[in-house]
1. Using Cβ contacts closer than 10 Å as the measure, can you line up A:45, A:159 from fewest to most?
2. Out of A:53, A:109, A:186, any idea which swings most in a Gaussian network model of chain A, alpha carbons joined below 10 Å?
3. Does anyone have the angle between helix A:146-174 and the longest principal axis of chain A? Alpha-carbon axes, 0 to 90°, nearest 10?
4. At a temperature of 25 °C and a viscosity of 0.890 mPa s, determine how fast region B:25-134 diffuses translationally according to Stokes-Einstein, using the Kirkwood radius over alpha-carbon pairs as Rh; express D in µm²/s, rounded to the nearest whole number.
5. How shielded is B:123-135 by partner chains, expressed as the average number of their Cβ atoms within 10 Å of its Cβ atoms?
6. For residue B:115, which inter-copy label distances result when the label point lies 7 Å beyond Cα on the Cα-to-Cβ vector, reported in nm to one decimal and in ascending order?
7. Rank by packing, highest mean first: peptides A:124-136, A:146-158, with packing defined as the count of other Cβ atoms within 10 Å averaged across residues.
8. What residue among A:82, A:111, A:44 has the largest mean-square fluctuation in a Gaussian network model of chain A, using Cα springs under 10 Å?
């Protein structure tokens, strides 16, 4: 009886896809909302483009650099805890064995049932440490080389996303017939389309229903832009 | 021999602290950088305040609502996978038992060593499913009620953080003697102080050295603000 490969059925997005999604979700939303908000208050395309691009620079750096430093801290935290477990497995093996048994007891296994695996693990100290890291502490081994690539991917996706809603305003700076109002309408149309497509694709990768993901993503952008518009108009 | 409680030594931040950190990190950084950037291009305090508050509205909603919907999707993804595992444990138990054995083999245990635990788990189908969720799929059971609280906490922290760098500009709107340049200097001083304190406290909760965390957080804010300033000045 032929069987389809069973292991691949639980699809999870690759790391790069995840980074693109993180950066682009915010990049499409916040500069869009900011530019739309400012249109409610300021009738000057140059100011809106300046604010939008300043936001794209600030947001992409905050996300990228922030993510990079957080990933480095995670890697160091992991290394520190790994050292500690390594030491404890040697220095207080009974205590660590009790902890392994506790992990299994929380899954309904009696002390007697978990005893063989506790003993088996104790024979492989290196694997034992890995086991404690993952199952006692819930820590996954981070890839130190990924931090930089990940930061760069997130920041680039933010910039790419942010330029979409700003493009109509940039064009309006050069085309004299195009008013700020026209630029806003075009920006809303282009960005809603981009949010729908992005949400749809994101849904396919993350396991949410694509149509629903598309609508949710467009909703976040719309609510954020609407709130920014109302606040900007209220102040000015 | 008295022993200090061993289980609490691996400190991880509580959920609320984590949400405040997420919201405030971006809230302190992006509105600060945007306002500083605009000061490089626009000599008009009202525009900077409008753009800043519009950004705070957009950013807090994008983070809060985005987080809320993502948490709900996660909860549904978990429920779906949980249903599937529950079904598979009944329908293809041999396959699932092979998967449990694989998890343990990846930790260096032989088939014989892992056999007792595989059999023991098979006797407790409910716990077996929980085990597969966590150890095969790496999914933690999400708390559905947390999504809303979490979203609200992140958004509030973003607003609270964002008002700090904007406060000097808001004051400058009322105090005629205060120029945009004064507001920028005051905003830089107040925000750098806030970033240092925030980074320090964050470090204590997340396990990074507090001094280093303080400097890193201030660095992210400074680089983002510097880039926004240069870009805004280059365009205008």
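Just so you know, all these numbers are worked out from the coordinates, no wet-lab data involved. In this text, all values refer to a predicted model and were calculated from it rather than measured experimentally. Using ideal geometry, Cβ is built from the backbone for each residue, glycine included, and neighbour counts are taken over all protein chains shown.
1. Values: A:45 23, A:159 20.
If I rank by nearby Cβ atoms, fewest first, I get A:159, A:45.
2. Among A:53, A:109, A:186, the largest GNM mean-square fluctuation belongs to A:109.
3. 10
4. It comes out at roughly 134 µm²/s.
5. Values: counts 3, 4, 1, 2, 5, 2, 1, 3, 6, 0, 0, 6, 4.
Counting Cβ atoms of other protein chains within 10 Å of each residue's Cβ and averaging gives 3.
6. Copy-to-copy label distances for residue B:115: 1.8 nm.
7. Numbers: A:124-136: 18.4, A:146-158: 20.3.
Packing proxy ranking, top to bottom: A:146-158, A:124-136.
8. A:111
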